[in-house]
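Report on the structure given below.
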Amino acid sequence: MPELPEVETVRRTLNQLIVGKRIERVTVNLPRILQRPDDPLLFAAYLEGRSFVAVERRGKFLRLVLDGLVLISHLRMEGRYGLYGQEEPTELHTHVIFHFTDGTELRYKDVRQFGTMHLFAPGEEWQAAPLNKLGLEPLDDSFTLEAFRGALGKRTTKIKPLLLNQELVVGLGNIYVDEALHTARIHPETPASELKRKDQERLHAAIVETLAAAVNAGGSSIKSYVNGQGEMGLFQHSLKAYGRTGEPCLTCGAEIEKSVVGGRGTHICPRCQKPPGGSGRASLTGGSLKPRSHAVKRRLEGAGQ
């Protein structure tokens, strides 16, 4: 946490709050947040006098575009941004403050202190870490079934840890992998190479539908996540597998079970998600999930940009 839907929600919020604002100065209270450059004085000097032009996203990374620079920010587990008036008290664990010329401040708070910031000249960010090895973007038109099948290839890795690998598909974390696999009726321990084409079709569709629905709901506030305006997400109220241990499956009524797959807590329906080598997949009440054919932009209709 936060995963793609939460980062996308933060992106949209910041795009409304800070675009056009000019940085007067920067305060760095925790230098280890800075990865490039790692010198707080140099980091601040590069940013002073520049304005935010746009806020974009690549996977779980925010791409904050300024006039002449790009700031890549990873929130990791509990990083968050908020816009404040300069007269408002600074909360504990506020590590970086962008002071604007209009008297407002963009503050980065991170209780766990795992977040990172990298500065690049425009275009250089795509050739260097942390963006240069990222995989397919699941809410982009380029995330076609054929592209997904090509990424899976003949890998024998269990499908859950494979989907968590950001070099395959970006933005998927534990919550949304559990949800997508449940929707696609695929057991998380199934080797990717054993997925039939229909399994791949269902999983591709489930990834897109799950993430799009989560974005529309503003993400999931499982622990401490809020957007740039302090608002919680609502998708946690729509979860079908994750965090529902012992509760009935909404499809078949069997109890949701929790186990550990690839070192991560994993939630499944033992009836809908047959283990590899089992007697086959249970049918989904109300018909099978089918991939949509229209553009991804329409999947997000109503969510705003």
| field | In the range 79-93, residue farthest from V111 (Cα to Cα) [restricted to those that are under 25 Å from the mean Cα position of the chain (by Cα) and of a type in the set (S, T, Y)] | value | Y84
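Find the strands (runs of 3 or more DSSP E) located wholly in the range 1-78 whose residues include 1 or more that are touching a residue at least 12 places away in the same chain (Cβ under 8 Å), within 18 Å of K109 (Cα to Cα) and more than 25 Å from the chain's Cα centre (by Cα), and list them. Write out each step before concluding.
Values: elements: 23-28, 34-36, 52-58, 61-66, 69-74.
Here the list reads 23-28.
We did not get these values from a lab; they are worked out from the coordinates using the rules stated. Just so you know, these numbers come straight off a predicted model, no measurement behind them. Backbone-built Cβ (ideal geometry, glycine too); neighbour counts: all protein chains shown.
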